[in-house]
Amino acid sequence: MIRIFVIKLKYYYWVKVLRMDISKSARISLGAKLDKTYPTGIHIGEDSYVASGAMVFSHDFTRGLHTDTYIGKRCFIGANAMIMPGIHIGDQVIVGGGSVVTKNVPPKCIVAGNPAKIIRSNI
């Protein structure tokens, strides 16, 4: 019961205070880290899940970049995965745990590795 309250409170903070674009049906683990440097650049679609330890970036200080990062509908971002700034992940994508996504990912595929590569398409 307390866990659900904390999750809803964190969602409220992300959406209302930081103004991130996160669907109400998306699930974000308490251990996931969403970029607070440029929070309006985070976009997460319906029914997507971001697992514990995953990081979603929307800025890069070394290049002076503040950009939008998109995660599509019904995606699964595995534990400890990193989504770099400016990446577009299509709908129904699975990102393997520990993967580093450095390039855009087309819909309906599985990516894994460092850097993440497509290991299966048309799922």
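Listing for the model above:
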| read-out | value |
| --- | --- |
| Among (1) in contact (Cβ under 8 Å) with a residue 40 or more places away in the chain; (2) touching a strand residue (DSSP E or B) at 6+ places or on another chain (Cβ under 8 Å), the one test that residue 91 misses | (2) |
| Any chance residue 70 is aromatic (Phe, Trp, Tyr), at pLDDT 95 or above and under 23 Å from residue 4 (Cβ atoms) | no |
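The values are calculated or read from the model by the stated rules, or taken from the named source; none is laboratory data. Everything numeric in this text was worked out from a predicted model, so none of it was measured. All Cβ positions, even for glycine, are placed from backbone atoms using ideal geometry, and neighbour counts span all protein chains on display.
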